[in-house]
Amino acid sequence: YKVYRIVPEEEQKHGKGSMMPMATTSSGDPTEMDCSPAEIEELIKEEESCSIQASPEYWPQANINAFPLHQEPMPSGTSNSVFSQLMISFFYGGKLMHNTLVTHPEGCRISPQQHLGRGALYSSDSMQSVHFPPAELIEYDRQRYVTRKLLGHLERGVLVRANQEGIFIKRLCQSRIFWSGLSEASSQYNSMPGKLERDAVVKIFDTGRFYQALQLYQESQIPAPDPTVTLCFGEELSDLNSAKSKLIIVQISIVNCQHMLETVNMRRSQQYSNNPTMEMCDDVATEQMARIYQDLCSYSVPQRSPCYRDNMPITV
């Protein structure tokens, strides 16, 4: 049987924070969550002092600076379409629920469910539709209930798009979204946390900075850079160590950047290995790896002025 605690009204008013930590069993698995109704509402809703008119649910095509491209020639063998492929992973309570590959050049829209009657903006020709896994897949009752409530405030979702400049996102939904990624503002090539403002296009991953970090990593000057951007829905994300305790985490990475990191890791292991027979068996894979690595070494990051609205840093 289950025992539930009645939360006093006074305690509901003051609250204990934006989110109560998930209880764990002796085995470390998450169990029931203890959230009052007031805490749930605080968790899933963005604080708004005034009514905000919904912006168009598509990328700003009219603005020529909306998605800047390199003014210098890209390395041989690379194109914008190569960098548009994204791998998206969904985690509920730290458990991997689903992986999705995005191949549409216009990016994707991540939302809980399919929207009907919205016209061409949501057609397959406009962008790829990616849906959150249903909350019914969650094992524990309380976690499933709170996650379902949170998904109800993600109806409009987010738009995500990538090119050789990096990953860009536009938050449309009501719920707060916090993120962590290797952006232009990142210090020491570490992922930097931030908060997404509603209807603002934000660059959450900078490919040029990732390339710089990857070259330094190849020279053993810094640790391996993280090609993944982490989104946390409804809850503040002060550091990645707390991601496993969050209700909904979405991780996004450019497939080509992930391949480049794997290439550098393989070459580093070959350099430090004393085994002279350590070679790739597949000639095609070897040729592809060499081409990607050559692109990495010949890539020069152009100097450009930022044309995106700065994200709001998280106050810890």
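What is the diffusion coefficient of the range 132-200 in µm²/s, taking the Kirkwood radius over Cα pairs and the Stokes-Einstein relation at 4 °C with a viscosity of 1.567 mPa s?
Details: Rh = 14.1 Å.
Estimated via Stokes-Einstein, D reaches 92 µm²/s.
Within a 10 angstrom radius of the beta carbon, how do Lys203, Lys95, Lys195 rank from fewest other beta carbons to most?
Working: Lys203 23, Lys95 15, Lys195 19.
Final ranking by Cβ density, sparse to dense: Lys95, Lys195, Lys203.
Sorted by packing (mean other beta-carbon atoms within 10 Å per residue), highest first, where do 254-267, 154-167 land? Walk me through the intermediate numbers first.
Values: 254-267: 18.3, 154-167: 22.3.
In descending order of packing, they fall as 154-167, 254-267.
Quick check: residue separation of Leu101 and Tyr145 times 0.36 nm, minus the Cα distance between them. What number comes out in nm?
Details: separation 44, 0.36 × 44 = 15.84 nm, distance 2.79 nm.
Here the segment from Leu101 to Tyr145 would lengthen by 13.1 nm.
Label points 7 Å out from Cα along the Cβ direction at His259 and Glu155: separation in nm?
4.0
Using Cβ counts within 10 Å as a stand-in for footprinting exposure, how do Lys244, Lys170 rank, fewest first? Display every interim value, and only then the final one.
Details: Lys244 13, Lys170 24.
So the residues, fewest neighbours to most, are Lys244, Lys170.
Please report the Cα spread of the range 80-260 along all three principal axes, rounded to whole Å, starting with the longest.
Principal-axis extents of the Cα atoms in the range 80-260, largest first: 49, 37, 26 Å.
Any chance you could run the full-extension gain for Ser81 through Arg267? It's 0.36 nm times the residue separation minus the Cα-Cα distance, nm to one decimal. Before the final figure, lay out each step's value.
Details: separation 186, 0.36 × 186 = 66.96 nm, distance 2.57 nm.
Between Ser81 and Arg267, full extension yields 64.4 nm more.
Calculate the spin-label point distance for Glu136 paired with Lys244, positioning each point 7 Å from the Cα along the beta-carbon direction, and give it in nanometres.
So the label points at Lys244 and Glu136 sit 3.0 nm apart.
Every number in this text was worked out from the coordinates using simple rules, so none of it is lab data. All values derive from a computational prediction rather than experimental measurement. Positions of Cβ are backbone-derived with ideal geometry, glycine not excepted, and every protein chain shown enters the neighbour counts.
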